[in-house]
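The values are calculated or read from the model by the stated rules, or taken from the named source; none is laboratory data. Predicted model only: the values in this text are computed from it and were never measured. For neighbour counting, all protein chains shown are included, and Cβ atoms are generated from backbone atoms with ideal geometry for every residue, glycine included.
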Amino acid sequence: MNKNLIAMACLLMANCGCASERLYVKVIDDDGRPVTNAVVTVGAPPKTVFWGSNSQRNKGKSYNSQTDANGEAVVSFNCTAATFRWSVKADGCYPSNVFEERFKEFDEVVVPPAFTKVILHGHEKHGNVILYRKKNPQPMYAHSRENVVKSPIANGRYGFDLQVFDWVSPHGNGKIADFYYVRERPDETNATKRTIYDKSGFFQFRRGEPGFPNVGDVVGRIEFDENCGAYIEKQTGCESFPSTHCADVRREYVSSIPITIMFCDEFRVWVCESPVINGNEYMVIRSRVKCDEQGNIISANYSKILGPAGFAGLINFEESVFNPRPNDTNLEFDPERNLYQGKKGRGMIP
């Protein structure tokens with residue numbers, strides 16, 4: 001091995017405790033303003049170091065830095081592996097995701113006789129983070145997917161109450177329909193059922209059999225009362241605050257959203273309903289609308305549902321939030337003040 005390379009490796013080993021890596025972070029809020037005094041934390045992972053026949057497990061260590069008036073921070077740290085994780089928190093904001101970084105350029109040098117591996121990196125990483133402000137979190141009725149409610153298996157039109165989180169009577173304990181699930185599945189007389197899926201709404205047809213459906217066929221929809229409706233938006237990308245602070249009253253609220261067959265292969269099709277909201281989306285709902293004699297809306301309630309969400313056998317929402325205060329567009333839910341008091345399915349996402 002090249003003597004200079006060995007000498008450089010030994011020098012790095014001697015200084016392995018030094019903070020030789022740097023993470024540069026720019027932090028802004030959801031209005032584009034710099035966030036000052038945000039804490040950027042880098043977690044360097046533990047590393048096993050071999051010394052001949054012995055080995056030693058170095059503990060992981062955290063390194064912190066605060067952002068300045070421009071929302072910028074530099075964290076200096078010593079990373080003994082090719083990867084590390086980092087995150088950002090600030091007073092009055094929802095925390096960021098945890099990001100994992102990998103140094104793209106690194107080499108491994110084996111130093112005899114101890115056979116110690118020293119990793120040489122590109123020493124800098126840069127990141128940009130949006131923190132979402134806590135503006136006005138309020139008590140609301142919130143439910144998560146742990147609150148299991150079965151979907152009807154017969155074709156028909158079924159109202160669902162987001163406040164009670166159940167089907168409207170006589171199919172459940174709900175009182176007012178915030179939307180309707182319309183089921184128009186194909187004739188399942190010739191379907192071959194697999195027992196494991198009997199109760200979850202999956203049915204298999206073989207090609208050529210009567211009533212064979214196709215991917216893309218409409219098998220139902222969700223629909224809304226007159227002047228009610230919904231719009232779908234992309235999630236923010238932040239797990240701690242994935243949706244919106246307030247419903248947008250200026251948006252177009254559609255009155256119907258189709259549900260289609262979503263899976264097929266060469267020989268068979270599973271009559272599996274497509275989700276009404278994908279995993280990277282959320283839906284805002286306007287319901288319980290009252291109008292004056294001229295048809296102007298004078299009262300409405302607003303809700304949101306996080307995806308993925310669908311009706312294939314179960315009401316399968318990641319989380320739903322219902323604001324019980326008419327004409328209040330605020331959808332920033334306070335998890336510490338959930339109006340739903342059930343033991344299971346309590347929502348936790350603002």
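Structural remarks
- Residue match in the range 292-314 (condition: part of a loop (DSSP other than H, G, I, E, B), out of contact with any Gly (no Cβ under 8 Å at 6 or more places or on another chain) and of a type in the set (Val, Ile, Thr)): no
- Near pairs, Cβ below 7 angstrom, 6+ apart or cross-chain, from the range 22-34 (outside the structural domain of Gly71 (by TED's automatic domain parsing)) to any residue that is surrounded by 15 or more Cβ atoms within 10 Å (Cβ to Cβ) and assigned to a strand (DSSP E or B): none
- Candidates in the range 127-140 are the residues that are surrounded by 21 or more Cβ atoms within 10 Å (Cβ to Cβ) and under 19 Å from the mean Cα position of the chain (by Cα); of these, the one that is farthest from Cys246 (Cα to Cα) is Val129.
- Remark: pairs (first residue in the range 124-141, hydroxyl-bearing (Ser, Thr, Tyr); second residue assigned to a strand (DSSP E or B) and modelled with pLDDT of 95 or more; Cβ separation under 6 Å; 6+ apart in sequence or on different chains) = Tyr141/Phe322.
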